[in-house]
Amino acid sequence: MDALPILHYFYEHEANTPDKPFLKQPFGDRWETYTWREVGQMARKIATGLQSLGLPPKSHIGLVSKNCREWLIADLAIMMAGYVSVPFYPTLTAEQLRQVIDLGDVKATFVGKLEVWDGMKAGIPDGMPIIRFPQYENNSLVTEGEAWEDWLDKYEPMEGRFMPELDDLWTIVFTSGTTGIPKGVMLTYGTTAAVAELSAKSNPLKMDTKGNNTFFSFLPLNHIAERALIELGCLCWGGTISFTESLDRFAKNLQDTRPTFIFAVPRIWTKLQLGVLAKMPQKKLNTYLKIPILSGMVKKKIASGLGMDNTRIRISGAAPLGEPLKEWFASIGIPISEGYGMSENCATTSILPGDVIRPGSVGKPVEGVEVKIEEGTGEICMKAPFNMIGYYKAPEKTAETIVDGWLHTGDQGKLDKDGYLYITGRVKDTFKTSKGKFIVPAPIEFQFGDNQDIEQICVLGLGLPQPIAMVVPSELGMAKSKEELEASLRGSLEQANANLPKYSKISKLIVAPEPFSVENGLLTPTLKVKRNVMNEQYRGKFDEWYERQEAVVWG
């Protein structure tokens, strides 16, 4: 297979299957569908509009919106116009938006489906061209800039098939920033070409070669994992991308879509599990699964209820998936594959198929990837043709991250004798107790993974004699009495500590005063815990909590 820019594949589908559905957007129980031909015409008109702004070639164009059909069309238009996309999280504050616009040298911005526009819009510099998507119900009303619909009426489709060079910059993806200032990851069209080549050779995502693929897009498209797996996956293989209308409609939209491929993060899998258990308690489920004929019926009913009865593969990524949760889904006939990657390598390092039993592993490196473990720090380093070319306007950070061609991931891990990769923690998450012992939080947090009363957990305790752990109860946990929940948490604490070395045993479980969320700044937009923020926010209470006599403390 020749190395080709991702835009090539769009043109091929547009020419060969012009009337097949490509993008589907829900409006209540009604779905609107755009074909490949319709998307191509709209993208060309928007590309003409962009070029009418008189910006220099390869200018950077911002894109801030929740996932929707216009997001994909705008992205295609940016490519066709010869510009570089710089997508942003749709939950940024005005200060954060201004920061990444400045860092990314953005010259114009698409503004779309948002809930926080009033608190965000001050971050866009005066005079910057804005193109606003159509209004979505129950989302912010954007009145600034020029209307998407007006551009579609005003401009003629751009002629020809613009094709970027492989060395041209495709996008700048700003990291979600668990620590410090966001960094702009530069990915070229050569990056996407390398990912497409890998996909064609081994087809690790089990795509249908005739284009019968159905994707469901709900995780932020500005994050590289969703963009690589959903957008690039559909452009490479063909198929249909359906979007979710809102969190409230997520379950219904998923049932309507019945995707052949689904990608989610551990927090989503946990919520799906809790949804099943709310309708069918674990004790009853266990009984049904022991009866052969009934077991198959129950599994089919659950899969259908979740909208996963057509899925060929389910991928979890962005954070480690707890083994108990993975085993639970396997027990109901929904095995989950685990992928490992990051913005800096186009979300592509390794994959563990759902039918391979390797507890704690994220699989073997995919074809074209070399992995080594750095001596001393245990850091995972990898080399591949889809690595970034560097951080935008940050040569020092680039030099720290890519050394002699090796990408230093920031994750700690190990390789077993069979070549399977395991992630044991984050280099920057490691902290020292007052006894001088280093604590690696992730393996400790995994010890609590089989307690369905716990939805979130974060091990902390910098400077304390022993670490503590903050927990957020699940809906199942909160449905119990305080005494029952405390007994459940104490049981998990005792079980976990029995498996841990003395220096890393958890001294206290702290029931967090509020859930960890993006809104309160304790989670990144990809739902990773900001441990440094947790430390800053609660450190003043560490000593008080540590001195309490009880094992479970309410924060």
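Just to check I understand the Karplus step: with θ = phi - 60° and J = 6.51 cos²θ - 1.76 cosθ + 1.60, what whole-Hz values come out for the stretch 86-91, glycine and proline as x?
10, x, 10, 5, x, 10
Largest first, please: the extent of the C-alpha atoms of the stretch 342-454 along each principal axis, to the nearest Å.
That works out to 44, 42, 28 Å along the principal axes.
Give the angle, between 0 and 90 degrees and rounded to the nearest 10, that separates the Cα long axis of helix 189-202 from the longest principal axis of the Cα atoms of the chain.
For helix 189-202, the angle is close to 70 degrees.
Evaluate the Kirkwood expression for the hydrodynamic radius of the stretch 203-362, namely the inverse of the mean inverse distance over all pairs of different C-alpha atoms, and round to one decimal in Å. Before the final figure, lay out the partial values.
Numbers: mean 1/r = 0.0616 Å⁻¹.
Value: 16.2 Å, from the Cα pair sum.
How large, in percent, is the carbon and sulfur part of the accessible surface of the chain at a probe radius of 1.4 Å?
Values: 12170 of 23640 Å².
Carbon and sulfur atoms account for 51 percent of the accessible area of the chain.
What is the helix-to-structure angle for 266-279, meaning the angle in degrees between its Cα long axis and the longest Cα principal axis of the chain, kept from 0 to 90 and rounded to the nearest 10?
70
Relative to the longest principal Cα axis of the chain, at what angle does helix 36-52 sit, 0 to 90 degrees, rounded to 10?
Between helix and principal axis, roughly 70 degrees.
Which order do the peptides 143-152, 287-296, 376-385 come out in when sorted by mean C-beta neighbours inside 10 angstrom, highest first? The partial results should precede the final answer.
Values: 143-152: 15.2, 287-296: 12.0, 376-385: 18.3.
Top of the packing list down: 376-385, 143-152, 287-296.
Just checking my list (i) 18, 43, 27, 9, 2, 1, 0; (ii) 20, 55, 24, 1; (iii) 18, 49, 30, 3, 0 against P(r) over Cα pairs in 20 Å bins from 0, in percent computed from this structure; which label fits?
Recomputing P(r) over Cα pairs in 20 Å bins from 0, in percent here gives the entry labelled (ii).
Under 8 Å for C-alpha pairs, at least 6 residues apart: give me the relative contact order for the stretch 140-279, rounded to a whole percent.
Relative contact order of the stretch 140-279: 17 percent.
Near the amide H of residue 425, under 5 Å away, which other amide H atoms are found, from residues 5 or more places off or on another chain, if H is placed in the peptide plane?
412
What distance in nm lies between label points placed 7 Å from Cα along the C-beta direction at residue 494 and residue 397?
Reported label-point gap for residue 494 and residue 397 is 4.7 nm.
Between beta-carbons, use under 13 Å as the cut-off and find the net charge around residue 185, counting Lys and Arg +1, Asp and Glu -1. If you can, show how the numbers build up before the last one.
On the way: positive: 183, 227, 393, 397; negative: 344.
Around residue 185, the surrounding residues sum to +3.
Using only the Cα atoms of the stretch 1-149, build the gyration tensor, take square roots of its eigenvalues as a ≥ b ≥ c, and label the shape rounded, prolate or oblate: rounded if a/c is under 1.5, else prolate if a/b is larger than b/c, else oblate. Mind showing how you got there, number by number?
Details: a/c = 2.03, a/b = 1.28, b/c = 1.59.
Cα axes put the stretch 1-149 in the oblate bin.
Simple spin-label model, 7 Å along Cα-to-Cβ: residue 135 to residue 162 in nm?
That separation, rounded to one decimal, is 3.1 nm.
Multiply the residue separation of residue 37 and residue 52 by 0.36 nm, subtract the distance between their alpha-carbon atoms, and state the gained length in nm to one decimal. Show your work: numbers first, answer last.
Details: separation 15, 0.36 × 15 = 5.40 nm, distance 2.29 nm.
Stretched out fully, the residue 37 to residue 52 stretch lengthens by 3.1 nm.
Which of 121/154; 113/541; 364/508 have a Cα-Cα distance over 30 Å?
Values: 121/154 25 Å; 113/541 39 Å; 364/508 36 Å.
Over 30 Å apart, Cα to Cα: 113/541; 364/508.
For the stretch 202-281, what relative contact order do you get, as a whole percent, if you take Cα pairs closer than 8 Å and at least 6 residues apart?
Values: 74 pairs, mean separation 27.4, N = 80.
With pairs under 8 Å counted, the relative contact order is 34 percent.
How would you classify the stretch 286-329 from its alpha-carbon gyration tensor, with a ≥ b ≥ c the square roots of the eigenvalues: rounded for a/c under 1.5, else prolate if a/b is greater than b/c, otherwise oblate? Each step should come with its number before you reach the end.
Working: a/c = 3.33, a/b = 1.53, b/c = 2.18.
Oblate, because a/c is 1.5 or more while a/b does not exceed b/c.
In percent, what relative contact order does the stretch 223-331 have, based on Cα pairs under 8 Å that are 6 or more apart in sequence?
Working: 78 pairs, mean separation 41.5, N = 109.
Answer for the stretch 223-331 is 38 percent.
Accessible area per residue of the chain at 1.4 Å probe, in Å²?
Numbers: 23640 Å² over 555 residues.
So the chain comes to 43 Å² accessible per residue, rounded to a whole number.
Going through the cross-link list 437/530; 279/299; 24/201; 437/502; 428/530; 183/432, which pairs have a Cα-Cα distance over 18 Å in this structure?
Pairs exceeding the cut-off: 437/530; 24/201; 183/432.
Compute the Cα gyration tensor for the stretch 420-476, then decide on rounded, prolate or oblate, letting a ≥ b ≥ c be the square roots of its eigenvalues: rounded whenever a/c is under 1.5, prolate when a/b is larger than b/c in the other cases, and oblate in all that remain. Don't jump to the answer; show the numbers that get you there.
Values: a/c = 2.86, a/b = 1.37, b/c = 2.09.
Because a/c hits 1.5 or more and a/b fails to exceed b/c, the stretch 420-476 counts as oblate.
The values are calculated or read from the model by the stated rules, or taken from the named source; none is laboratory data. From a predicted model like this one, the values you see are computed outputs, not experimental measurements. A quick note on method: Cβ atoms are made from the backbone with ideal geometry, for glycine too, and the neighbour counts reach across all protein chains shown. Heavy atoms of the whole protein, side chains included, go into the accessibility calculation; ligands, DNA and RNA do not. Shrake-Rupley method; radii C 1.70, N 1.55, O 1.52, S 1.80 Å.
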